[in-house]
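The values are calculated or read from the model by the stated rules, or taken from the named source; none is laboratory data. These numbers come from a predicted model, not from an experiment. Note: ideal-geometry Cβ built from the backbone for every residue, glycine included; neighbour counts use all protein chains shown.
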């Protein structure tokens, strides 16, 4: 038995019971768009956070390179003199503050005095070098602190 019949133009017409709706309802389409918009919002937020982290990492890397350029010549190309210095890199983008002070020798004094050769009897002078490099507002995430010890032979005529 054929469920379809022909109309006067010869086109097949289905009976009402045999017709089944295909496709999505308006509610389903709107829900899909809402989920897509929510997912895109999350994705854009993650991308913005990633770009911000890359920017912070770039600034910290530049600050580290500037700090290295300040610390490397100390004691080799420049004499180590106790005191404080301040300055700027790259215009006023990076600020630095350098402190140099004598540091106590951690070696036991008796071990130095019982050394077999006279060259070793004069202990080196230790200097603590602290360098702070900051950028932008200088908030905790925008400041790097570097500290090191440098040993140098005491100047001639200096008391141990």
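Remarks
- Just one of the listed residues (103, 115) is touching a strand residue (DSSP E or B) at 6+ places or on another chain (Cβ under 9 Å), surrounded by 10 or more Cβ atoms within 10 Å (Cβ to Cβ) and modelled with pLDDT under 95, and it is 103.
- Within the stretch 64-87, restricting attention to residues that are farther than 15 Å from residue 152 by Cβ and in a helix (DSSP H, G or I), the residue that is nearest to the chain's Cα centre (by Cα) is 64.
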